[in-house]
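Take a look at the structure set out below.
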Amino acid sequence: MTYSRAMSSGSAAQWSQGLSAGAAGGQQPPPGQQQQQVCARMRRRWSPRRAAARARVAAAECWRRAWVLALWAAAMAALFAWRFVQYRRSAAFRVMGYCLPTAKGAAETLKLNMALVLLPVCRNTLTWLRSTWARYFVPFDDGIAFHKTWMYISVPLVLYVGERTLRAFRSKAYAVKILKVCLLPGNVLTITMSKPYGFRYRSGQYIFLQRPTISPFEWHSFSITSAPGDDYISVHIQTRGDWTQDLKRIFVENYFTPSVPRRAAFGELGAAEQKSPPRLLVDGPYGAPAQDFRNYDVLLLVGLGIGATPFISIPRDLLDNIKLADELMDLAMETSRSEDSANSFGVSTASSSNKRRAYRTSCAHFYWVTREPGSFEWFKGVMNEVAEMDKKGVIELHNYLTSVYEERNARKTLLSMVQALNHAKHGVDIVSGTRVRTHFARPNWKEVFTRIASKHPNSTVGVFYCGRPTLAKELKKLSLDMSHRTGTRFDFHKYF
């Protein structure tokens, strides 16, 4: 048996003191005393000295983030304000209102953000920057948190990498054979190439060309000037830059003969046959505004100088579509004579529906404005072919020569009289050498738009332009004004 030991006097005293303290702690102090205790704790928690110390600590820890965020916010505000004010003063603001400048301003800030989002994962660059003076001002350790927006561009980045890979493989498959090369006035080089198998395009589209011996990395875009129904591809290149000058030099030095200094035909008898033609890689085709010309009732095509190249194949393509539709209609009529009425009705109806689906455009107005008379040599064959094919007057071709117009002297008057007499007698223009008459003036675009609106009421006109930006502003303004004033809607598109 065990017995508990008797409690000593000291332990008893401590035990009784603990009991009394516990009893006292369980009691609530009076309200006045409790408020005094809260105020005392508040005084211990906050004081000017302590607040200043905490502010110094926060500033030392966060000042790098603060100035970077302030710089970013200032850049965002400046970009948004710049674009907002720019489009606030544009003519389109009267139609679309504040939604246009707001959207453009937001899009401009998005461009900068998309460019900045990749910086935090440039690890080699960040490692080097950490060893420079930039480490005292830039919070490199916050890069991962800033980079969390990466997930928003991962999908577009994958699409971009996939597209670049596709372009690399497709360019190897589209190694074309050059059929003919011509050097035309105005330093224009015309290249006719074989059409690769499976290569399909629409009028108005463009391709990229690469000459590996000039540069294995440079690709240059050129509008396709041949019609989709042709069995070849042609481009017209104005030799302005280094790459085009080198391409011209290769043909002139290696393939052009003294007897025919401006033409080289490969595969025909001559000096060009003895050498293998240069190798070109083709990437494309790629979409452009004019490829949707079939969505409009009427077309207004305007080209300045070499700017006519995106549109030169459209008249031929339109006439080919009309010719095909007429052939289908004639076939349906012949079938209706040999079959019973029920079947003939079904064939005629199907043929008519195919005709409506094939094209919507009923008329096209082509305006080509140039300063040099030799420029008309570029598309001489195409214009003669269009004039010969157009039996119904679907295409209106207008050539304007501004250099003679600017002279304003007796020579211009005499030339105009001789040109008018020769065109009336022989049907050939003495300047261009085609059936299209040349006007020695600048087009009065307001009269052109007014005439088209009165000739095609309640129609949708596609206005396509390629040339200098100054005329683009005028044509765009006229498109908006005439759409508001008349029942004809003008839809403006510009090539860059």
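The values are calculated or read from the model by the stated rules, or taken from the named source; none is laboratory data. Values in this document were obtained by computation on a predicted structure and should not be read as measured data. Cβ coordinates were reconstructed from backbone atoms using ideal geometry, including for glycine residues, and neighbour counts include every protein chain displayed.
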- Message: Return the residues of the range 163-181 that are assigned to a strand (DSSP E or B) and at pLDDT below 85; say none if nothing qualifies.
- Response: Ala175, Val176
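Results for (1) closer than 12 Å to Leu281 by Cα; (2) over 22 Å from the mean Cα position of the chain (by Cα), shown as yes or no for each residue.
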position	(1), (2)
Pro216	yes, yes
Phe222	no, no
Thr225	no, no
Asp242	no, yes
- Failed condition for Arg249, given (1) among the basic types (Lys, Arg); (2) modelled with pLDDT under 85; (3) within 23 Å of Glu377 (Cβ to Cβ), with all others met? (2)
- Which of (1) surrounded by 15 or more Cβ atoms within 10 Å (Cβ to Cβ); (2) under 21 Å from the mean Cα position of the chain (by Cα) does Gln86 not meet, given it meets every other one? (1)
- Out of Ala52, Ala59, sole residue that is on the phi < 0 side of the Ramachandran plot and modelled with pLDDT of 65 or more: Ala52
- Query: Does Phe293 qualify as being in contact with an Asp or Glu (Cβ under 9 Å, 6 or more places away or on another chain), at pLDDT below 85 and among the aromatic types (Phe, Trp, Tyr)?
  - Reply: no
- Message: Could you list, ordered by first residue, the pairs with Cβ atoms under 9 Å in which the first is in the range 391-404 and within 15 Å of Gly374 (Cβ to Cβ) and the second is of a type in the set (Asp, Glu) and surrounded by fewer than 18 Cβ atoms within 10 Å (Cβ to Cβ), at least 6 apart or interchain?
- Response: Leu401/Glu372; Ser403/Glu372
- Item | Exclusive hit being at pLDDT 90 or above and either out of contact with any strand residue (DSSP E or B) (no Cβ under 9 Å at 6 or more places or on another chain) or buried (at least 19 other Cβ atoms within 10 Å of the Cβ) (or both), set Ser459, Ser454 | Ser454
- Task: With respect to Tyr160, determine if the residue is surrounded by 13 or more Cβ atoms within 10 Å (Cβ to Cβ), at pLDDT 70 or above, aromatic (Phe, Trp, Tyr) and part of a helix (DSSP H, G or I).
- Result: no
- Note on the structure: Restricting the range 440-496 to residues that are in a helix (DSSP H, G or I) and hydroxyl-bearing (Ser, Thr, Tyr), the one nearest to Leu304 (Cα to Cα) turns out to be Thr470
- Message: Out of Ile224, Ile233, I need the residue that is in contact with a Lys or Arg (Cβ under 6 Å, 6 or more places away or on another chain), within 26 Å of Ile322 (Cα to Cα) and not assigned by TED's automatic domain parsing to the domain that holds Asn321. Which one?
- Response: Ile233
- If Arg468 passes every condition in (1) of a type in the set (D, E, K, R); (2) modelled with pLDDT under 90; (3) more than 23 Å from Ser90 (Cα to Cα); (4) surrounded by fewer than 15 Cβ atoms within 10 Å (Cβ to Cβ) but one, which one does it miss? (3)
- Report yes if some residue within the range 101-113 is modelled with pLDDT under 70 and surrounded by 13 or more Cβ atoms within 10 Å (Cβ to Cβ); otherwise report no. no
